1. Taking a 18 Å limit on the Cα-Cα distance, which of the listed pairs Lys167/Lys258; Lys220/Lys250; Lys167/Lys204; Lys20/Lys73 fall beyond it?
2. Loop-only trypsin sites (Lys or Arg not before Pro) in segment 173-242, please: DSSP not H, G, I, E or B, and at most 10 other Cβ atoms within 10 Å.
3. As an exercise, take the mean of 1/r over every pair of distinct alpha carbons in segment 233-344, invert it, and state the Kirkwood radius in angstroms.
4. Quick one: which residues, 5+ away or cross-chain, put their amide H under 5 Å from the amide H of Leu92? H built at 1.01 Å from N.
5. Could you report the accessible area of Ile174 in Å², rounded to 10, computed with a 1.4 Å probe on the protein chains as they sit in the structure?
6. From the backbone phi of segment 149-160, what are the Karplus-calculated ³J(HN,Hα) couplings (6.51 cos²θ - 1.76 cosθ + 1.60, θ = phi - 60°) in whole Hz, Gly and Pro given as x?
7. Quick one: length gained pulling Leu103 to Asp306 fully straight, 0.36 nm per residue minus the C-alpha distance?
8. If I model a spin label as a point 7 Å beyond the Cα along the Cα-Cβ vector, how far apart are those points for Leu59 and Phe277 in nm?
Amino acid sequence: MTQKMQAAVVEQFGKPLVIKELPVPEPGLGQILVKTEACGVCHTDLHAAEGDWPLKPGLPFTPGHEGIGIVTKLGSGVTAVKLGDRVGVPWLYSACGHCEYCLAAHETVCPDAQFGGYTKNGGFAEYIIADPNYVAHIPAGLSAQEAAPLICAGITSYKGIKETNAKPGNWVVISGIGGLGHLGVQYAKAMGLHLCAVDIDDKKLAHATRLGADAVVNAKHGDAVAQVVKVTNGGAHGVLITAPSLPAFKQGVGMTRKFGTCVLVGLPPGEFPTPLFDVVANCITIRGSFVGTRLDMAEALAFAVDGKVKADIELQPLSAINDIFARLKHGEVPSRVVLDFSQA
Ligand code: NAD
Ligand code: ZN
Ligand code: ZN
């Protein structure tokens, strides 16, 4: 008899997910089967379910790219992991390994990359098929629930801060203190940076202060750019925009110091106006950053093993997914919701 599993499936963009009973998939050649213990809910899952981006996933699909679980079955030819290993199935589900980007360790932009919970079914399900060459190896000492947010929110904010090229003692702004940002604050402090947190919600900013932020600015009140420029004495050397909101992007460019770098990771649909004269005359770099490589993953996890970064999590069952999405949409999730499969 075929074994069944529960999964939360997007059948139509912009409609509630449907909890379904599906057959547990069989790992094929070079694949593994992972029994899910926990999966974080990223704002990207919401963009995916709404069909927000130009490249849309094929319907139906199962979202989730912060799935952590135990390897329970190996397809033939698998040597990179063994049965019983705890792994994470991330956004970078697989890449070709041979193109110019893969060879340069820029594998996240491989033209043949597959994306977990987007072009491949993801972790909003009791089992996940994964590519053993691209899974995250979860170090002993981290539970599945606390590791889950690190394999997208953690790696993305950590890599984004690195991409600002800010040096210890420099100022970094993080705009958006949600799932990504609350981890970004901790990475920035562990990396020896001065950190100014920007959000539109005083509760998120109070949390940033508890996590070590040196200054906070509420972008809803007054001129946020002027406040940041004042606090940082001329603008931040590095700015990381995680906010899923277009006005935050133009503001972020304005908060960047001369010769500084503004890194964009938030992905609200649309475009933002670029103040061309300021960018040119102040020699500002604007760059995108897309999750991180497997090496970035190992580094991002190591901070947590050292106790320097800890995700703030709220556990919920898979059946609550539509309520969680509604809260995420309205900015009502404090940091990160993690679907907990361990009690099922
Ligand atoms: P989240 O909903 O947990 O957090 C977003 C935060 O932004 C909230 O605290 C909210 O209050 C704040 N915010 C909203 N409007 C703002 C504004 N105008 N100014 C400042 N702050 C504002 O979302 P998340 O899971 O952290 O994801 C954030 C974004 O990053 C999403 O668009 C997601 O798709 C994207 N993302 C990108 C990558 C990547 O590789 N580039 C990876 C993961 C997520
Ligand atoms: Zn994500
Ligand atoms: Zn490639």
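The values are calculated or read from the model by the stated rules, or taken from the named source; none is laboratory data. Owing to the predicted nature of the structure, the values given are computational and were not obtained by experimental measurement. All Cβ positions, glycine included, derive from the backbone under ideal geometry; neighbour counts span all protein chains shown. The protein model used for the area step is the full one, side chains on, heavy atoms only, and it has no ligands, DNA or RNA in it. Shrake-Rupley method; radii C 1.70, N 1.55, O 1.52, S 1.80 Å.
1. With Cα atoms farther than 18 Å apart: Lys167/Lys204; Lys20/Lys73.
2. Of the trypsin sites (Lys or Arg not before Pro), the ones in loops of segment 173-242 whose Cβ has at most 10 other Cβ atoms within 10 Å are Lys220.
3. On the way: mean 1/r = 0.0594 Å⁻¹.
Kirkwood hydrodynamic radius for segment 233-344: 16.8 Å.
4. So Leu92 has HN proximity to Gly116.
5. Accessible surface of Ile174 is approximately 0 Å².
6. So the Karplus estimates, Gly and Pro as x, are x, 6, 7, 10, 4, x, 4, 5, 6, 4, 4, x Hz.
7. Numbers: separation 203, 0.36 × 203 = 73.08 nm, distance 3.02 nm.
Between Leu103 and Asp306, full extension yields an extra 70.1 nm.
8. Here the modelled spin labels are 4.7 nm apart.
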